[in-house]
Every structure is written in structure tokens, then in C-alpha cells.
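K.L.:
Please read through the structure below; I'll follow up with questions.
Laboratory data are not the source of any read-out in this text; all were calculated from the coordinates shown. Here the structure is a predicted model, which is why all the values come from computation and not from measurement. FYI the Cβ positions are ideal-geometry reconstructions off the backbone, even for glycines, and counts take in every protein chain you see.
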Amino acid sequence: MNKLFKKLVAIDMAMYEIHHLEYDPVVCIKEFWNRYDMDSCRNHIVELLTIYLDRERKVNPAISTADVQHFTIALFRMLMAYFIIHYQRINLSGIEISFLRSNRFIACELENSKDIYDLFYQLSQNH
């Protein structure tokens, strides 16, 4: 089977695996956040956009093609899991999800991103 076709089938399977009897969207979400943090999500998405937007220059990727492929499939699986949770109205309030990074690190990361947002917002209001 063609290598590209195999990669595309792997993404399609993320859509169809939700019908498996043992499928649990919460497990899927936990696995994603246990493997990726917001910074690595951002880096992978930037890498995907760089590859897509700068195809003609054939830039050397900062993240391996295999890692980008694994992330893309994991991200799509997580999106499907959130879709199923919303569609089936599954309550997540009592479910503990452990993240790749500590809660303290995440809180600092969110605080830093809010500071950056506030700075750009103030600059936009002054012009």
C-alpha cells in the first residue's frame, strides 16, 4: 500500500474508531493531554503551517515528519472525542485528567499568555 495512503487511512480511522464497542472518549482525551502540552501543540501546528505555507522552499522541518503525523492523528482523535462528549452530553466535571505538565507550570503559562494578550490589547486600543 502506498505510504501516503497508509498515513491518510490512519487519520480516517480516528473518525471511525468512535464506533468501536470499547471506545471511550474520556480515555482518548486523557491520553492526548498526558502526551502533549499547549506549547508542544503550538509547535506542531506551527510546523504543519510552515510545511504547508512554505512548500516551495522545502524548508528543513524542526519536528520530524513522523512526530508531526503522530500529533495530527492524536489531535484529530481528541477532537473526535470532544465531539462525542458534547454530542452525547457526557459530564466531565468528575473526571480527573492528568496533564503532561504540572498544574503550576500550566498556571504560569496561562498567566504569561494573558500578560502578552493584555499588552497587545492595550497597544491596539492606543492606535
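K.L.:
Where does the chain land on Rg/Rh, using Cα atoms and the Kirkwood Rh?
P.N.:
Value, to two decimals: 1.04.
K.L.:
How high is the FRET efficiency from residue 53 to residue 15, r the C-beta distance, R0 25 Å, rounded to 0.05?
P.N.:
0.45
K.L.:
Please report, largest first and rounded to whole Å, the three semi-axes of the ellipsoid equivalent to segment 59-127, where each semi-axis is the square root of five times an eigenvalue of the C-alpha gyration tensor.
P.N.:
Value: 29, 23, 15 Å, ordered largest first.
K.L.:
I've got another one for you. Percent relative contact order of the chain, based on C-alpha pairs within less than 8 angstrom and at least six residues apart?
P.N.:
39 percent.
K.L.:
Given the rule -39500 (n - 2.57) for each run of at least 4 DSSP H residues, summed and divided by the residues of the chain, what is its mean residue ellipticity at 222 nm, to the nearest 500 deg cm²/dmol?
P.N.:
-23500 deg cm²/dmol, from helical runs alone.
K.L.:
Here's something else I'd like to know. May I ask for the net charge around residue 101, where only other residues with Cβ less than 14 Å from the Cβ of residue 101 are counted and Lys, Arg are +1 while Asp, Glu are -1?
P.N.:
Summing Lys/Arg as +1 and Asp/Glu as -1 gives -1.
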